[in-house]
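Asker: Here it is, the structure in full.
Derivation of every value follows stated rules applied to the coordinates shown; laboratory data play no part. What you see is a predicted model; the values in this text were computed from it and never measured. When we count neighbours, we look across all protein chains shown, and the Cβ atoms used for this are built from the backbone with ideal geometry, even at glycine.
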Amino acid sequence: MAVPMVCYLVLSAALFSIGIFAFLIKRNIITIFMSIELMLNGVNLAFVAFANHWHQVSGQIFVFFVMVVAAAEAAVGLAIIISLFRSRNTLNVDQINLMKL
Amino acid sequence: MNLAIFILFGLLCLGGALNLLLQRHPINSALSLIVVMSSLSVLYLLLGAEFLAVAQIIVYSGAIMVLFVFVIMLLNAGEEERTHGSRAAYLAGVPGVLALFTVLASTFFTLRTSFGNARLGAFVATTSDLSRVLFRNLLLPFEVTSILILVAILGAVVLARKEH
């Protein structure tokens with residue numbers, strides 16, 4: 001039995017919305033960073049669903065590039081979090097409110 | 001069969017995402033994000049993206065999430081505390097996110113007849129199809145991403161280094 005394409009798209013919209021909501025309400029900087037990854041995954045699902053619909057490989061290539069950029073972003077972002085934790089000794093974003101310390 | 005697998009892993013995906021939202025400890029959020037990414041790779045297989053399904057497991061659930069769990073343990077991150085900032089985010093976030101989801105979902109539902117169904121095996125992009133496009137038409141962007149990765153490695157090393 002075939003799955004309606006709209007189910008995939010609604011699932012990807014739900015993942016994206018949950019990612020935005022987690023980004024807004026979470027106070028731990030690592031969890032905020034993880035919700036960005038969740039948003040990227042929601043968009044990736046929509047890309048793959050549309051690639052299936054149009055029978056084009058381009059959508060999957062897009063997902064490949066998003067994965068590459070997400071990997072680079074995770075490496076740099078986590079390094080920033082480590083250096084932030086060294087100077088502030090906290091991971092709470094409400095206490096990280098100065099550009100310079 | 002196809003529908004049953006979609007429902008099972010779609011629910012697992014949604015449950016993992018909601019669990020990421022509800023858990024207070026970052027390590028629990030990280031583990032539920034691994035559930036989301038692994039079940040997404042099954043959905044990619046259903047949509048005929050076999051290379052991406054494997055890459056999703058290796059890159060996302062493997063490399064990126066291991067990095068996250070490693071940093072959580074390195075910094076010994078504890079439970080997050082509730083502050084006034086989260087209350088303001090609730091007030092602005094709940095209506096905004098609900099509005100965004102309603103707009104997206106209603107747009108998809110009004111277009112649902114033109115989208116049709118995703119049959120299993122109707123479109124399978126093999127790794128050779130993917131690499132043919134990637135290494136012929138998109139060779140320059142592919143090489144540029146390798147420079148991006150190199151810069152990211154250097155940046156990570158410089159940023160995480162101990163200052164003297």
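Asker: With charges set only on the Cβ (+1 for Lys and Arg, -1 for Asp and Glu), what does the dipole of chain B come to about its Cα centre, in debye to the nearest 20?
Answerer: In total the dipole reaches around 200 debye.
Asker: Here is a further query. If you look at just the Cα atoms of region B:79-121, how large are its Rg and its Dmax in Å?
Answerer: Final numbers for Rg and Dmax: 17.7, 51 Å.
Asker: What percent does the relative contact order of chain B come to when contacts are Cα pairs within less than 8 Å and at least six residues apart?
Answerer: Once divided by the residue count of chain B, the mean separation gives 23 percent.
Asker: Per DSSP H run of at least 4 residues, take -39500 (n - 2.57); add these up for chain A, divide by its residues and hand me the 222 nm value, nearest 500 deg cm²/dmol.
Answerer: So the helix-based figure for chain A works out to -27500 deg cm²/dmol.
Asker: Also: Kindly provide the helix-only [θ] at 222 nm of chain B, computed as the sum of -39,500 (n - 2.57) over DSSP H runs of four or more divided by all residues, to the nearest 500 deg cm²/dmol?
Answerer: -23500 deg cm²/dmol
Asker: Then there is this: Which far-off residues, 5 or more places away or on another chain, put their amide H under 5 Å from the one on B:N117, with H placed in the peptide plane?
Answerer: Residues meeting the amide H criterion: A:M5.
Asker: In chain B, which helices (entire DSSP H runs) extend 20 Å or more along their own long axis, judged by Cα positions, while averaging at least 1.6 on the Kyte-Doolittle scale?
Answerer: Going by DSSP H runs, the hits are B:2-22, B:26-46, B:139-160.
Asker: How many partner chain Cβ atoms sit within 10 Å of a residue's Cβ in peptide B:106-115, on average, as a whole number?
Answerer: Mean partner-chain Cβ count within 10 Å for B:106-115: 4.
Asker: Convert each backbone phi in region A:26-37 into a coupling constant with the Karplus relation 6.51 cos²θ - 1.76 cosθ + 1.60 (shift: θ = phi - 60°), then list the ³J(HN,Hα) values in order as whole Hz, x for Gly and Pro.
Answerer: Whole-Hz 3J(HN,Hα) from phi for region A:26-37: 6, 10, 8, 5, 5, 5, 4, 5, 5, 6, 5, 4.
Asker: On alpha-carbon atoms, Rg over Rh for chain A using Kirkwood Rh?
Answerer: Across chain A, the Cα-based Rg/Rh ratio is 1.11.
Asker: Further question: Calculate, for B:V66 and A:S83, the FRET efficiency according to 1/(1 + (r/R0)^6) with r their C-beta to C-beta distance and R0 25 Å; round to the nearest 0.05.
Answerer: 0.80
Asker: Oh, and also: Over the protein assembly as shown, one equal point on each Cα, no solvent: what is log10 I(q)/I(0) by the Debye formula at q = 0.14 Å⁻¹?
Answerer: -1.01
Asker: Mind giving me the nanometre distance, one decimal, between the label points for A:V66 and B:N76, set 7 Å out from Cα along Cα→Cβ?
Answerer: Taking the simple label geometry, A:V66 and B:N76 are separated by 3.8 nm.
Asker: Of A:N92, B:F123, A:S58, which is farthest on the positive side of the dipole of the protein assembly as shown, counting Cα position, with +1 on Lys and Arg Cβ, -1 on Asp and Glu Cβ, and the Cα centre as origin?
Answerer: Checked the options; the winner is A:N92.
Asker: For the pair B:L100 and B:N19, what calculated FRET efficiency results from E = 1/(1 + (r/R0)^6), where r is the Cβ-Cβ distance and R0 = 30 Å, to the nearest 0.05?
Answerer: 0.90
Asker: Would you mind computing, in nm to one decimal, how far apart the modelled labels at B:A92 and B:N137 are, each placed 7 Å from Cα along Cα→Cβ?
Answerer: That separation, rounded to one decimal, is 4.1 nm.
Asker: To the nearest Å, what is the center-to-center distance of region B:79-145 and region B:7-29, using C-alpha atoms only?
Answerer: 17
Asker: After finding the eigenvalues of the alpha carbon gyration tensor for chain B, what semi-axes result from the square roots of 5 times each, listed largest first in whole Å?
Answerer: Value: 31, 28, 17 Å, ordered largest first.
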